[in-house]
Amino acid sequence: MAVKIHFLPDDITVTATVGELLLDVADRAGVTIPTGCLMGSCHACEVELEDGDTIRACITTVPPGYDELVINLFSDPTW
């Protein structure tokens, strides 16, 4: 199943597959999400969903049940 992933503030939309790692989707779209440990514990890759929930892109996959998913990227100068 295909899901449109819309990255803000870059305003880039890409089609992804359910179960695909969000960090891989961002990379394929040319969107940079900072990473640290790649295990979710450092929170460097934390992004915000449209509903305000935060997730870690390095350990989160594209969830089922969405036609489109909006992801707000944080700008953290320490990463």
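The values are calculated or read from the model by the stated rules, or taken from the named source; none is laboratory data. If you're wondering where the values come from, they're calculated on a predicted model, not measured in any experiment. Surface areas here come from the heavy atoms of the whole protein model, side chains and all, with no ligands, DNA or RNA. Shrake-Rupley method; radii C 1.70, N 1.55, O 1.52, S 1.80 Å.
Data table
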quantity: Region 1-40 shape via C-alpha gyration tensor axes, a/c threshold 1.5; calculated: oblate
quantity: Accessible-area order (highest first, 1.4 angstrom probe) of the listed residues LEU23, LEU38; calculated: LEU38, LEU23
quantity: Karplus 3J(HN,Hα) series, Hz, for region 20-29 with 6.51 cos²θ - 1.76 cosθ + 1.60 (x for Gly, Pro); calculated: 6, 5, 4, 5, 5, 4, 4, 4, 5, 7
quantity: Among [x] -0.32; [y] -0.55; [z] -0.28, the entry that matches log10 I(q)/I(0) by the Debye sum over Cα atoms at q = 0.12 Å⁻¹ as calculated here; calculated: [z]
